[in-house]
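Colleague: Before I ask anything, here is the structure I am working with.
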Amino acid sequence: MEIENQGFLSHRVRYWLGCYALLIIPIGMLSVFVYIPVLWAFIGSLYAFEVGGDSEFLGLTNFIEFLFRDPTTWPSVGNMFFLTGFMVVTRLTMPLIVAKLIFSLTREPSRYFYRVVFLVPIVVPGVAMQLIWAGMIYNDAGMINEFLRAAHDWVQLRGIDIDLEGLTRGWLADPRTALFAVAFVGFPWVGGIDVLIYYAGLSGIPTSVNEAALIEGCTGLRKFFLIDIPMVMSQLKLIMVISLIMGIQMFEGLFIMTRGGPGFRTMVPALWMYFNAFSFQRMGYGCAIGVFLFALIFGCTVLTFRYVRSTEELEGRA
Amino acid sequence: MKSVRNLILHFFIGIFAVLTLIPFAFALNNSFRTNHEIYHAFFGVPASFHGIIESGRLVLQGKEDTTVAFLDDEGEEVQMPAGEALREHWDTATRGYTLGWEILRTYLLNTLFVVVCVAFGTVLSASIAAYILSRYKFPGHRALFYYMIAAMMFPGVLTFVPSFMVVRHLGLLNTYWVMILPYIAGGQVIATYIFKSFFDGLPEDLFESARIDGAGHLQLYGNIVLPLSKPVVSVVIIMSIFGAWNNFIWPFVTLMDGDLHPIASGLYVMATSQYAQNFSTLFSAYMVSSIPLLLLFIYATKPFIEGVTSGAFKA
C-alpha cells in the first residue's frame, strides 16, 4: 500500500481508522451484550443485590453458602450429572448406530430419504416437544398410562393375573420416576443433526481403509468397533463436548416440565440459579451459581480435550 | 443376499424412525380430535374424519337433505341434513386450529420479525467483521479477532442473570430489541469464525485483479466477497433462525408484555393459561408453530444436509 500525506492524517492512518470504524458495531455489541455480562457475573457473585435495589458486598459468602450450606446444592448437582451423563451416553450411541445402519444401505436415494426423515423433528419448537411429552405422554391420561391400561385389560381377558394398571402414575409427578422420565424425553434419542454429523464421519473413511478391512476379513460388528469407531472419534469428541456443555447448562426443559419438582427431585443448579435470581430476587446468589457452573463446564471441556483422542490424534497426525 | 441385508437394515432403521416420529404423529392426530374424544379414548382416529367422509359422500351423491346423526360436544345425538352435518364435522376437526391460530398469530408474527432481523443482522455484522479481520492488516487486528472468538468460552448460563441486568439498565426490557440485539451479539461470534475461515481461503489474486479494475472496499465486499460466500451465508442464516426460533427462557424473562412474546415463550404462556386442559387446541397450536420451520426445511433441506455433512463438524 503506497503512502502519501493528505492533510494531517497519513493515508495509512485513515485506512486504519476506516477498519476500526467498521468494527465498532460488531465489537461494541459483543462488549455490551457478552463481555459486560461476563464481568458482571464475576463481580455480582460477590454481592447481594436485587433488581433496582441496593447492593451489599459479601465477599465469598454466596459461594460458601452454595457449596456448604444450601441443602439444594448437592442433590441438584447429582441430578445434573445424572441427566448430563445420560445425555452424553445416548448422544454418543443411538445416532451413531442409526448413522451406521443408514450408511450400510446400498442405494443412495434411500440413504438420503432416511437422513431427511430423522431431521424432520427439528421443525417442532423445543418448547412444543417438551409440552407434548409432558402433556401427552407422561400425563395421567397420557400415552404410557393409556397403553398400560389397554395392556392390562388385554392381559386380564386372557386370565393372566398381572396388575399392569397398578403401574400407571403421573410419571413426572411421582418422586420415584420423575428424574428418569425427564431423562427419557426424546426417546429413542436419535437427533437428526447428530446422525448427519456421524454420517459425515463414516463417509469420510477412506476407501483404502474399508477395502483393507474387507480383505482382512474384518466385517460386521468387529469392523464397527475396530475401524468405524476410531475413524469417527473426531465426531464423537465434538458431540461429547457439546452435550457436556449443554447438559450442565440445561434447565429450560425442566422449567417447562417439572419446575424442579416433585420436591427437588428434578432440580438442577441452572434451574436453581433461575429461581434464585428471578423468583427470590437473589441476583448475586444467581450470579455465583452461574460462575460455579462456568467453572464446571470449563473443567469438563479441558478434561475432554486432554483425555479423549480424536481420529487425527489416534493416527499421530496432530 | 444383498437385498436380504438391505431389508433387515430397512426394518431396523424403520423402527427407530417410527419411535422418533410417534409423539409428533400422535400430536398431529389428536389436534383434529375434540377434547371429549381425547379424554375418553386416547388412541383412535378423529371421529370427525369419519363424519366428513360419510356426509361428504352423501353430498357428492346429491343427497344433501338425507338426515344423518351427528354427535355434538356433549356426546348427544342430533339429527340434521347431510350438508349441514358435513359443515359441522369440518368445524369440529378444525376447531382446534381456528382457536390455536387466533392465539398464536401475534406470536408467530413477532417471531418472524425477530428472526428476520436477527438473521440479517448476524450475517451483516459477522461478515463485515470477518472480512476486515481476514483481509486487512492494521494494529491490533489479531487481538480483536481473539477478543471476538474468546467469547465462545463463556456459556449462556454464566451470562444469563447479568444479561438481564444489562438490558434492564439499557431500558430494553419489554421491547423487540431485547430479543434482537443480544441474539446478534451472541450469534455473530461463531458466525464470524465461520466467515473468517472461509474468507482466509479465498485467493488473493481475486482481490488484486478487482482492485486493479478500480473496485473500492465496499465494492470488493458487495460484488466479490458476499456472492462467493453464499453457502456460508446460508449456514449462518439457518443457524441464527433456529437459535432465535427455539430460545424460550430469555424472552420469557425479559418480556412482561404478552403481546411481544415470540412463539417459544408464547406456547408456554398458552399452555399454562386457561387453555392448559384444552388439549385439542394445544396440539393444534404445536402443529401450527411447526409450519414455518417446516416450510424452511422443505426449501433448505439440501443445502442444510450438505452443510452439515461437509465434514467440518468434528473436534
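Colleague: Please give the charge dipole size of the protein assembly as shown, origin at the Cα centre, charges +1 on K and R Cβ atoms and -1 on D and E Cβ atoms. Round to the nearest 20 debye.
Modeller: Dipole size: approximately 2020 debye.
Colleague: Under a 10 Å cutoff between Cα atoms, tell me which one of A:ILE24, A:ILE144, A:ILE215 has the largest fluctuation in the Gaussian network model of chain A.
Modeller: Among A:ILE24, A:ILE144, A:ILE215, the largest mean-square fluctuation in the Gaussian network model of chain A belongs to A:ILE24.
Colleague: Using alpha-carbon positions, what is the distance between the centroids of segment B:173-249 and segment A:265-280, in Å?
Modeller: A separation of 36 Å, based on Cα centres.
Colleague: Just checking the output field for A:241-253: average partner chain Cβ neighbours within 10 Å of each residue's Cβ?
Modeller: 2
Colleague: Note the angle between two axes, namely the Cα long axis of helix B:156-169 and the longest principal axis of the Cα atoms of chain B, as a number of degrees from 0 to 90, rounded to the nearest 10.
Modeller: 90
Colleague: Express the relative contact order of chain B as a whole percentage, based on alpha carbon pairs under 8 Å and six or more residues apart in sequence.
Modeller: 27
Colleague: With charges only on Cβ, +1 for K and R and -1 for D and E, what is the dipole size of segment B:94-309 about its Cα centre, in debye, rounded to 20?
Modeller: The dipole of segment B:94-309 has a size of about 160 debye.
Colleague: Sorted from fewest to most neighbouring beta carbons within 10 Å, what does the list A:THR266, A:THR177 look like?
Modeller: Numbers: A:THR266 26, A:THR177 18.
The fewest-first ordering by Cβ neighbours comes to A:THR177, A:THR266.
Colleague: For chain B, max minus min Cα coordinate along each principal axis, in Å, sorted largest first?
Modeller: If we take the Cα atoms of chain B, the spans are 85, 64, 38 Å.
Colleague: I would also like to ask the following. Which residues' amide hydrogens lie under 5 Å from the amide hydrogen of B:VAL68, considering only partners 5 or more residues apart or on another chain, with H built in the peptide plane?
Modeller: Result for B:VAL68 returns B:MET80, B:ALA82.
Colleague: Between A:GLU315 and B:ILE224, what is the FRET efficiency for a Förster distance of 45 Å, r being their Cβ-Cβ separation, to the nearest 0.05?
Modeller: 0.75
Colleague: Same structure, new question: Sort B:220-228, B:109-117, B:235-243, B:185-193 by the packing proxy (mean of other Cβ within 10 Å over each peptide's residues), most packed first.
Modeller: Ranked by mean Cβ neighbours within 10 Å, highest first: B:185-193, B:235-243, B:109-117, B:220-228.
Colleague: May I ask for the angle, rounded to the nearest 10°, between helix B:2-30 and the longest principal axis of chain B, with both axes built from Cα atoms and the value confined to 0 to 90°?
Modeller: It works out to around 70 degrees.
Colleague: Which whole-number percent gives the relative contact order of segment B:166-315, counting Cα pairs below 8 Å spaced six or more residues apart?
Modeller: 26
Colleague: If I model a spin label at B:TYR147 and A:SER208 as a point 7 Å from the Cα along the Cα→Cβ vector, what separation in nanometres do I get?
Modeller: So the two model labels end up 4.6 nm from each other.
Colleague: Taking GluC sites (Glu not before Pro) that fall in a DSSP loop and have at most 13 other Cβ atoms within 10 Å as cut points, what is the longest piece of chain B between them?
Modeller: The answer is B:77-315.
Colleague: Can you find, among B:PHE198, B:SER229, B:ASN247, the residue farthest towards the positive end of the dipole of the protein assembly as shown? Put +1 on the C-beta of Lys and Arg, -1 on that of Asp and Glu.
Modeller: Farthest along the dipole direction, towards plus: B:PHE198.
Colleague: Next question, about the same structure. On a straight-distance basis, which lysines could pair with A:LYS100 in a cross-link, Cα separation under 19 angstrom, same-chain partners fewer than 8 positions away excluded?
Modeller: By straight Cα distance, A:LYS100 reaches A:LYS223, A:LYS237, B:LYS2, B:LYS314.
Colleague: With runs of 4+ DSSP H residues as the only contributors, calculate the mean residue ellipticity of chain A at 222 nm using -39,500 (n - 2.57) per run, divided by the residue total and rounded to the nearest 500.
Modeller: -18500 deg cm²/dmol
Colleague: Residue by residue, what Karplus-based ³J(HN,Hα) values in Hz, rounded to whole numbers, does segment B:296-309 have, using 6.51, -1.76 and 1.60 with θ = phi - 60° and x for Gly and Pro?
Modeller: Those phi angles translate into 4, 4, 4, 6, 10, 4, 4, x, 5, 4, 5, x, 6, 7 Hz.
Colleague: What longest region of chain A stays clear of chymotrypsin sites (Phe, Trp or Tyr not before Pro) that DSSP places outside H, G, I, E and B and that have at most 12 other Cβ atoms within 10 Å?
Modeller: In chain A, the maximal stretch lacking such sites is A:9-279.
Colleague: I need the calculated FRET efficiency for the pair B:TRP177 and B:VAL269, taking r as the beta carbon distance and R₀ as 25 Å, to the nearest 0.05.
Modeller: 0.80
Colleague: Using Cβ counts within 10 Å as a stand-in for footprinting exposure, how do A:THR258, A:THR93, B:THR159 rank, fewest first?
Modeller: A:THR93, A:THR258, B:THR159
Colleague: Still on this model: Two-decimal Rg/Rh of chain A from alpha-carbon positions, Kirkwood Rh? List each step's numbers first, then the result.
Modeller: Values: Rg = 26.3 Å, Rh = 24.1 Å.
Reported Rg/Rh, Kirkwood definition of Rh: 1.09.
Colleague: Continuing with the same structure: If the chain between B:ALA276 and B:GLN61 were fully stretched, how many nm would it gain, using 0.36 nm times the residue separation less the Cα-Cα distance?
Modeller: Using 0.36 nm per residue and subtracting the Cα-Cα distance, I get 73.2 nm.
Colleague: What list of ³J(HN,Hα) couplings, whole Hz, do you get for segment B:236-253 from phi and the Karplus terms 6.51, -1.76, 1.60, once you set θ to phi - 60° and write x for glycine and proline?
Modeller: 5, 4, 4, 4, 6, 5, 5, x, 5, 5, 8, 5, 10, 6, 5, x, 4, 7
Colleague: I've got another one for you. So if I take the alpha carbon set of the protein assembly as shown, get Rg, then get Rh from the Kirkwood formula, what is the Rg over Rh ratio?
Modeller: 1.01
Colleague: Short version: what are the Cα gyration tensor semi-axes of segment B:2-93, square root of 5 times each eigenvalue, largest first, in whole Å?
Modeller: Its equivalent ellipsoid spans semi-axes of 37, 18, 8 Å.
Colleague: Based on the Cβ-Cβ distance from A:ASP54 to B:ARG168, what FRET efficiency comes out when R0 is 22 Å, to the nearest 0.05?
Modeller: That pair, A:ASP54 with B:ARG168, gives E of 0.90.
Colleague: With springs only between Cα atoms under 10 Å, which of A:ARG12, A:ARG158, A:ARG169 fluctuates most in a Gaussian network model of chain A?
Modeller: Result: A:ARG12 has the largest fluctuation of those listed.
Colleague: Counting pairs of alpha carbon atoms under 8 Å apart in space and at least six apart in sequence, what relative contact order in percent does segment B:2-93 give? Mind dumping the intermediate values first?
Modeller: Values: 79 pairs, mean separation 23.5, N = 92.
Normalised by residue count, the contact order of segment B:2-93 is 26 percent.
Colleague: A further question follows. Taking springs between alpha-carbon atoms closer than 10 angstrom, which of B:ALA41, B:ALA129, B:ALA119 fluctuates most in the Gaussian network model of chain B?
Modeller: B:ALA41
Colleague: Could you tell me which residue out of A:GLY316, A:PHE118, B:LEU144 lies farthest along the dipole of the protein assembly as shown toward its positive end? Charges go on the beta carbon: Lys and Arg +1, Asp and Glu -1, centred on the Cα centre.
Modeller: Final value for the positive-end residue is A:GLY316.
Coordinate-derived values only; no laboratory data. What you are looking at is a predicted structure, and each value in this text was computed from that prediction instead of being measured. Cβ sites come from the backbone with ideal geometry, for glycine too, and all protein chains shown count toward neighbours.
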